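The values are calculated or read from the model by the stated rules, or taken from the named source; none is laboratory data. Bear in mind the structure is a predicted one, so any value in this text is a computation, not a measurement. Here the Cβ is made from the backbone with ideal geometry for all residues, glycine too, and neighbour counts use every protein chain on show. Accessible surface areas use protein heavy atoms only, side chains included; no ligands, DNA or RNA. Shrake-Rupley method; radii C 1.70, N 1.55, O 1.52, S 1.80 Å.
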Amino acid sequence: MADFIGAVDQGTTSTRFMIFDHGGNEVAKHQLEHVQILPRSGWVEHDPVEIWERTNSVMQNALRHGGLSASDLAAIGITNQRETTVVWDRRNGQPYYNAIVWQDTRTDAIAANLERSGRGDVIRRKAGLPPATYFSGGKIQWILENVDGVRAAAEAGHALFGNTDAWVLWNLTGGPDGGIHATDVTNASRTMLMDLETLDWDDELLSFFGIPRVMLPKINPSSHPEAYGSTRTSRPLRAAVPIGGVLGDQQAATVGQVCFSPGEAKNTYGTGNFLVLNT
């Protein structure tokens with residue numbers, strides 16, 4: 001009987017997999033760091049392939065440490081470093097460039113231009129965010145404009161974008177062999193591309209960054225019984241385990257305001273833990 005829940009925590013400095021019982025007690029975990037790539041001042045990158053390999057390893061090792069198999073897991077969930085941007089080829093799963101990390105400031109000119117042109121006010125009104133280097137939209141634009149062949153690949157439908165949640169999810173569910181390209185509202189809300197009222201990608205916002213809509217993952221509720229699919233019977237779990245939800249760590253309170261009813265509260269779990277109350 002599947003008596004346990006697994007959680008992938010893909011963070012800025014490491015990836016870990018934790019297994020919990022019905023009482024919420026941690027019964028096993030494994031954690032591995034990944035390399036921080038610093039090509040020049042203000043630039044921070046990760047190797048997406050290394051992150052995927054670390055995800056494989058920590059899942060396998062946590063199960064082994066707990067004396068468990070994938071059949072013992074009722075479901076798994078994913079939480080992740082938000083805003084860190086990956087663009088990869090859907091045909092073979094190869095990233096076109098390193099992941100650009102949320103801390104990276106190379107898109108400062110893009111953010112400044114949005115403010116000067118007055119488009120910053122539209123982004124604030126629709127996405128609830130100021131133009132800033134922190135968020136994913138400018139990072140996608142930078143990759144499209146600076147990495148050879150990516151714009152053509154994106155326009156042809158070959159290039160996919162995701163924060164690290166979407167990258168891990170796509171690989172867990174099959175990768176080039178039918179992997180699910182999806183994200184949740186807490187991650188989508190940190191791109192400057194999602195309308196907070198429709199909870200969907202906004203064509204006007206996409207036009208500000210020159211981003212083809214076909215690149216983007218489908219936006220789902222953070223918890224969903226079907227939208228995120230199941231792991232494949234290949235590595236790392238070698239079994240079909242449902243993926244029950246995705247949540248960006250330290251999810252934005254702006255999303256909390258529109259994702260649940262007045263008077264309701266939600267806990268957020270990440271590098272810090274918060275209680276969000278919709279007033």
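Can you name every residue in region 78-126 that is in contact with a Leu (Cβ under 7 Å, 6 or more places away or on another chain) and either over 29 Å from Thr15 (Cβ atoms) or not hydrophobic (A, V, I, L, M, F, W, C) (or both)?
Thr79, Arg90, Gly120, Ile123, Lys126
Given the condition under 22 Å from Gln10 (Cα atoms) and open to solvent by less than 30 Å² (accessible area, probe 1.4 Å), answer yes or no: does some residue in region 193-214 qualify? Talk me through it step by step, then tell me what you get.
Kept after step one, since they are under 22 Å from Gln10 (Cα atoms), are these residues of region 193-214: none.
No, there is no match, as no residue in region 193-214 is under 22 Å from Gln10 (Cα atoms) and open to solvent by less than 30 Å² (accessible area, probe 1.4 Å).
Quick check on this structure: which one of Asp148, Asp165, Asp104 is over 21 Å from Thr183 (Cα atoms) and either part of a helix (DSSP H, G or I) or open to solvent by 10 Å² or more (accessible area, probe 1.4 Å) (or both)? Walk me through it before giving the result.
Values: Asp165 fails: over 21 Å from Thr183 (Cα atoms); Asp104 fails: either part of a helix (DSSP H, G or I) or open to solvent by 10 Å² or more (accessible area, probe 1.4 Å) (or both).
The conditions single out Asp148.
Taking only region 107-128 into account, find how many residues are under 19 Å from the mean Cα position of the chain (by Cα) and either open to solvent by 10 Å² or more (accessible area, probe 1.4 Å) or aromatic (Phe, Trp, Tyr) (or both). Let's see the steps before the verdict.
We begin by selecting, within region 107-128, every residue under 19 Å from the mean Cα position of the chain (by Cα); these are 127-128.
After this cut, where a residue has to be either open to solvent by 10 Å² or more (accessible area, probe 1.4 Å) or aromatic (Phe, Trp, Tyr) (or both) as well, the list is 128.
Result for region 107-128: 1.
Would you check which residues across region 15-66 are among the basic types (Lys, Arg), outside any loop (DSSP other than H, G, I, E, B) and surrounded by fewer than 17 Cβ atoms within 10 Å (Cβ to Cβ) and list them? First the steps, then the outcome.
Our first condition is that a residue be among the basic types (Lys, Arg); within region 15-66, this holds for 16, 29, 40, 54, 64.
Still in the list and also outside any loop (DSSP other than H, G, I, E, B): 16, 29, 54, 64.
Arg64, the sole residue that qualifies.
So in region 39-81, with the set limited to residues that are in contact (Cβ under 8 Å) with a residue 60 or more places away in the chain and among the hydroxyl-bearing types (Ser, Thr, Tyr), which one is nearest to Arg190 (Cα to Cα)?
Here the answer is Thr79.
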